[in-house]
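Rule-based calculations on the coordinates, nothing more; no lab input. Since we're looking at a predicted model, the values are computed, not measured. Cβ coordinates were reconstructed from backbone atoms using ideal geometry, including for glycine residues, and neighbour counts include every protein chain displayed.
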Amino acid sequence: MLAGLVLGAMAAFIIDRQFKMAAMWAFAGAALAFFGFIHGAQLGWAMSPMVALGYALFGAICLAVSGQSQGPTVTRSG
């Protein structure tokens, strides 16, 4: 259930183009996966390191996208 909350929050912030917030949730998901709170059979150290790495890399991608300039804004007059 916790994984669904993290993934849902990431999706919602991406849809709203708030990539820094999506990255924050991805890094939170990485920490939770690393310690086994999500995607792990038990709690402990490095329970799902590859899943945690995936969350961290996705967070880095979100940060990179947030740093890019948005193109010119199209306005309609009429």
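Summary of values
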{"read-out": "The chain, relative contact order [Cα under 8 Å, separation at least 6], %", "value": "27"}
{"read-out": "Residue of Q42, Q18, Q68 that the Gaussian network model of the chain assigns the largest fluctuation, springs spanning Cα pairs under 10 Å", "value": "Q68"}
{"read-out": "Structure-based [θ]222 nm, the chain - -39500 (n - 2.57) summed over DSSP H runs of at least 4, per residue, nearest 500", "value": "-21000 deg cm²/dmol"}
{"read-out": "Along principal axes, Cα extents of the chain, largest first, whole Å", "value": "60, 22, 12"}
{"read-out": "Folded to 0 to 90 degrees: helix 49-67 orientation relative to the chain principal axis, Cα", "value": "20"}
{"read-out": "Using a Förster distance of 25 Å, the FRET efficiency for R17-L53 (Cβ separation, nearest 0.05)", "value": "0.50"}
{"read-out": "Nearest 10 degrees, 0 to 90: helix 2-15 Cα axis against the chain principal axis", "value": "10"}
